[in-house]
1. Cut-off 10 angstrom, C-alpha nodes, Gaussian network model of the chain. Which of Tyr135, Tyr78, Tyr361 fluctuates the most?
2. Report the FRET efficiency, 1/(1 + (r/R0)^6), for Arg68 and Glu18, where r is their Cβ-Cβ distance and R0 is 25 Å, rounded to 0.05.
3. Order the following by accessible area, largest value first: Lys176, Lys260, Lys222, Lys286. Probe radius 1.4 Å; ligands, DNA and RNA are ignored.
4. Here are some pairs, Lys199/Lys260; Lys176/Lys276; Lys137/Lys176; Lys29/Lys176; Lys29/Lys260; which of them have Cα atoms lying more than 32 Å apart in this structure?
5. What lysines could a cross-link reach from Lys286, if we take a straight Cα to Cα line under 18 Å and drop same-chain neighbours fewer than 8 places away?
6. Along the charge dipole of the chain, Cβ charges K/R +1 and D/E -1, which of Ile162, Thr186, Leu358 sits furthest on the positive end?
7. So if R0 is 56 Å, what FRET efficiency would Ala378 and Ser198 give, r being the distance between their Cβ atoms, rounded to the nearest 0.05?
8. Quick check: with the 1.4 Å probe, what order do Asp345, Asp115, Asp225 take by accessible area, largest first?
Amino acid sequence: MKGGYTHFMEKEIFEQPETIAQTMQGRVKITPLSPMKYAVPGIDPYLMPRVRMGGLVDHVSTIRRSRRLMFIACGTSYHAAMACRQTVEELTEIPVVLELASDLLDRRCPIFRDDTCVFVSQSGETADTFRALEYAKACGALCVGVTNTVGSAIARNTHCGIHINAGAEIGVASTKAYTSQIVAITMMALVLSEDAISKRQRRDEIIDSLCQLPDMVRRTLKLNDQIKQLAAELKDEQSCLMFGRGRNYATAMEAALKVKEVSYMHSEGINAGEMKHGPLALVDDKLPIVVVSTMDSMHSKMAGVIQQLMARNGRLIVLANEEDDEMVDIVAGKYPIIQVPRVDDALQAVVNIIPLQLLSYHLTTLRGFNVDQPRNLAKSVTVT
Ligand code: M6R
């Protein structure tokens with residue numbers, strides 16, 4: 001059942017090139033060409049949609065008219081929505097609100113009939129997310145499910161939805177579902193923006209990058225030996241920080257959740273934009289800090305963050321892109337650097353989380369804990 005792997009978490013991390021492809025199968029035209037390049041004379045190439053989502057077809061026009069898109073989830077599923085927020089806003093031009101299901105219920109947050117609420121849940125059975133769904137339905141909102149379990153409570157009770165098709169996830173730590181959720185929500189944003197002429201070029205860039213994503217994830221998994229070595233250097237630490245900004249704030253949050261959940265090492269995801277508002281006081285030459293600094297629109301700001309952390313003698317581990325010579329110069333052999341392939345900004349969070357999933361996996365096995373069944377946790381949280 002573990003297919004030659006020692007643990008389900010390890011298997012599920014290494015399955016991701018295939019699970020991401022499965023999420024796209026039958027939905028994205030797998031061609032690395034933009035429509036202009038395979039245009040048939042006399043036919044507008046843009047009349048041939050490159051992304052289709054059968055589960056949304058009947059509701060696309062309602063969603064496009066929404067006042068807000070509210071993404072409601074818990075844990076890793078919440079982080080997946082966070083990683084997609086900017087892409088969804090950029091493509092749809094509809095404001096996106098993120099809500100932790102429990103907090104939304106605690107506040108009895110106002111929801112309106114012209115809101116669309118998107119419930120993201122691997123299991124489709126999480127009690128808080130399901131209760132939030134009942135609440136949003138009672139408020140009259142259109143409810144969309146993004147789940148990995150056909151026939152689950154959330155899949156059955158939403159008005160429409162997307163099955164992420166990542167296959168059963170057994171390890172309590174969610175890994176392959178996270179990357180497939182990002183891919184599915186990105187595809188949803190592509191479908192919702194299909195009729196926007198001003199977005200055509202941007203949509204093509206993202207779709208071309210989606211087509212290459214399984215190969216890029218496969219390449220990233222080759223970092224496994226380097227990450228195992230890094231985990232060996234960190235395994236006796238009590239704490240580590242994860243810094244990210246923009247879309248990669250979600251990467252920092254998700255990496256920190258993964259590390260604490262399975263390895264029991266304290267870890268905190270920090271928005272690098274908040275660094276000077278408190279976290280900087282923690283920096284010394286002992287506390288490991290992973291800085292996610294790939295070449296997206298936050299790159300120059302993150303380079304500045306790294307320089308400030310270096311000036312305070314921080315103990316850094318830098319996650320950068322393969323072709324980022326500037327970052328290699330800044331780090332100048334003083335700190336470990338993890339170099340991942342570059343993909344479109346909208347999808348870089350998928351690639352960036354892979355080495356950090358591996359880090360949490362190796363930290364856990366080296367510390368001698370049960371990586372598939374961490375203490376006190378259940379795969380599906382069916383009580384509130
Ligand atoms: O099944 P769901 O996606 O609704 O689960 C939500 C969280 O309980 C889940 O993501 C949890 O945070 C994971 N164990 C994290 O790895």
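1. Tyr135
2. My answer for the efficiency is 0.10.
3. Ranking Lys176, Lys260, Lys222, Lys286 by accessible area, largest first, yields Lys222, Lys286, Lys260, Lys176.
4. Distance filter (> 32 Å) returns Lys199/Lys260; Lys176/Lys276; Lys29/Lys260.
5. Lys235, Lys334
6. Of the candidates, Ile162 comes out farthest on the positive side.
7. 0.75
8. Asp225, Asp345, Asp115
The values are calculated or read from the model by the stated rules, or taken from the named source; none is laboratory data. Note that the coordinates shown come from a computational prediction; the quantities given were computed from them, not determined experimentally. Virtual Cβ from ideal backbone geometry, glycine too; neighbours counted across all protein chains shown. The protein model used for the area step is the full one, side chains on, heavy atoms only, and it has no ligands, DNA or RNA in it. Shrake-Rupley method; radii C 1.70, N 1.55, O 1.52, S 1.80 Å.
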